[in-house]
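Each reported figure results from applying straightforward, stated rules to the coordinates on display, with no laboratory input. These numbers come from a predicted model, not from an experiment. Virtual Cβ from ideal backbone geometry, glycine too; neighbours counted across all protein chains shown.
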Amino acid sequence: MKKKILFIFLFMFIFTIINAQNVNGDTLSVDGKKILKVWGTHYKRGYATGYLLGDKIKEISENYFIYAFFGGNSYLYESTRTYFLDNFQIEEKYISETEGIIDGMIEADILLYSDILDRDIDANDLLLANAIVDLAALGDLDQNYKFGCSSLSSWGNSTILDPELSGDLVITRNMDWTPHPSLLENHLLAVHFPSEADEVNWLSFTFPGLIGGLSSINEDGLCAFMNMGNHNEHPNTYTFHPILLSIRNGIEVYDYDGNYEINSEDVQAAIEDNYQLSGSIIHTANHESGIVIECNNQNGIAVRDDNDNTVIPTEHLAATNHFRELYPPAGCYRYDNIADSLSVSSNVDLIRSWELLSGAAGISNNIHTIQYAPTLNLIKWSTAKTGTPAYQIEPTIFDTEELFTYNTSADPHYFQDNSILSVSPNPFYDSTTLSFALPKTSDVKLCIYNIKGHKIRTLLSEVMVQGNYSVSWDGTDESGKKISSGIYFYTLETIHNVYTEKVILLK
């Protein structure tokens with residue numbers, strides 16, 4: 001029986017909150033996996049990331065990226081960085097986020113100095129690291145470090161016999177990078193709660209310092225997983241954009257293509273809005289279906305769906321590291337193994353999806369194996385250990401509703417700055433009023449929690465239209481009994497964010 005992790009609200013004591021009021025983040029370790037939750041603007045999320053994980057970011061930057069990937073060659077590194085700064089265009093929000101990471105590291109007393117580079121690591125170095133898969137096209141880097149990956153999505157008639165899925169989608173993904181100790185010791189699940197009005201909550205299976213959408217899912221059930229392509233020719237000169245940040249745009253920005261639907265076309269549009277340097281294969285899906293987006297510098301973009309299947313039957317999509325639409329399909333034993341298994345039986349359930357991809361495409365370089373079933377709010381995540389690939393390790397099971405529950409130590413000043421919540425009087429004796437503004441129609445849940453994270457009362461749970469609202473609380477629990485004096489928290493949960501405000505009850 002695989003273990004299911006349940007999260008509780010972890011509210012710190014008031015002096016801790018005051019001392020950490022500028023750090024919009026918290027961490028938790030589960031089965032040896034680090035979970036980071038950050039909230040606020042891009043800068044504040046970056047700052048929290050740097051403050052909480054600065055030592056790990058420094059380790060990966062120096063030991064994996066500079067020393068291993070660039071072979072410790074400072075000249076090659078600096079010339080590649082110059083090429084990156086001259087030829088890549090990065091949005092201000094990501095520049096702000098990486099600057100926040102650096103500022104957070106400084107505040108946490110992390111030594112930024114690199115012996116290899118003979119200077120401090122800065123925000124541009126972090127942005128360069130987030131173009132790691134793009135840089136593979138240059139051919140000057142250590143070719144012993146490979147980026148693989150494979151994935152399989154199934155839905156419709158392929159999953160109709162599974163009583164849990166009943167025709168809905170499941171996607172399983174192997175993230176296959178050459179193992180390195182700094183990666184194997186620093187698996188990270190990062191969960192973002194943006195305060196920007198046009199962004200949604202999302203999560204990423206990643207490593208400290210990598211902020212792009214390598215393996216990402218948003219709260220609306222849209223996922224995207226990046227695989228390396230087998231054609232990295234780059235004859236065309238454009239202003240490029242890191243593919244992992246393009247994917248993040250499609251996942252994090254609400255309804256990126258503006259068609260009033262949250263689906264794979266959002267990821268497609270985000271990729272189409274930029275030019276790529278290297279070859280990438282992006283498997284993206286929601287609960288209904290999936291597509292595979294193939295792109296590179298030479299031929300642009302092509303999209304593959306189940307109608308393009310030639311050797312795989314019915315409603316499945318498989319992706320490995322070989323283009324099948326952008327170029328004529330090349331031989332790939334992992335793709336052929338997946339096709340052979342599905343030809344024997346096209347019916348897939350949760351267990352078979354995991355086992356099929358593991359048996360057909362599991363390789364020694366497998367660092368993460370992830371399974372996602374949107375309608376079941378189900379994530380399974382295995383992480384590799386030294387000598388053992390991820391797909392051979394029992395996964396940790398997560399509920400996405402719990403992951404997207406705002407269960408970290410809240411910084412009241414952040415929410416006050418955004419003018420979402422106000423409580424008056426505070427402290428209070430008999431009753432107090434919480435006022436809030438909804439910028440758009442949303443499902444709304446308003447609850448009271450004590451400092452230990454136990455829910456005291458639900459004040460609202462309904463769909464509410466745009467507008468200003470006020471709700472009173474008389475200091476009673478669900479049964480109507482007066483509770484003891486102390487520190488409590490209002491938590492206002494909407495579709496896109498969760499906001500928290502502290503309130504003090506006196507008697």
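In a shell of Cβ-Cβ distance under 9 Å around N377, excluding N377 itself, what net charge do Lys and Arg (+1) and Asp and Glu (-1) give? Result for the neighbourhood of N377: -3. Spherically averaged projected area of the convex hull of Cα atoms, the chain: 23.6 nm². Lysine pairs in the stretch 14-403 whose alpha-carbon atoms fall under 13 angstrom of each other, counting only those eight or more residues apart or on distinct chains, come to 4.
Close lysine pairs were tallied over the stretch 419-505: pairs 8 or more places apart or on different chains with Cα atoms under 18 Å apart number 7. Of the chymotrypsin sites (Phe, Trp or Tyr not before Pro) found in the stretch 253-318, the ones in coil according to DSSP and having at most 14 other Cβ atoms within 10 Å of their Cβ are Y260. The stretch 300-353 and the stretch 211-281 have Cα centres spaced 20 Å apart. For the stretch 267-314, the Kirkwood estimate of the hydrodynamic radius, built from every pair of different alpha carbons, is 11.7 Å. Which value at 222 nm does the chain reach when only helices count, each DSSP H run of 4 or more adding -39,500 (n - 2.57), with the total divided by all residues and rounded to the nearest 500 deg cm²/dmol? Dividing the helical sum by the residues of the chain leaves -7000 deg cm²/dmol. Among the GluC sites (Glu not before Pro) in the stretch 455-507, those placed in a DSSP loop whose Cβ has at most 11 other Cβ atoms within 10 Å are E478.
Among the GluC sites (Glu not before Pro) in the stretch 287-358, those located in a DSSP loop and surrounded by at most 16 other Cβ atoms within 10 Å of their own Cβ are E288. Rounded if a/c is under 1.5, else prolate if a/b is larger than b/c, else oblate: which is the stretch 419-505, with a ≥ b ≥ c the root eigenvalues of its Cα gyration tensor? Prolate is the answer for the stretch 419-505, as a/c is 1.5 or above and a/b outweighs b/c. Scalar couplings 3J(HN,Hα) for the stretch 275-282, obtained by applying the Karplus form with A = 6.51, B = -1.76, C = 1.60 to θ = phi - 60°, are 9, 9, 9, 9, x, 9, 10, 10 Hz; x denotes Gly and Pro.
From the alpha carbon centroid of the stretch 360-380 to that of the stretch 73-129 is 31 Å.
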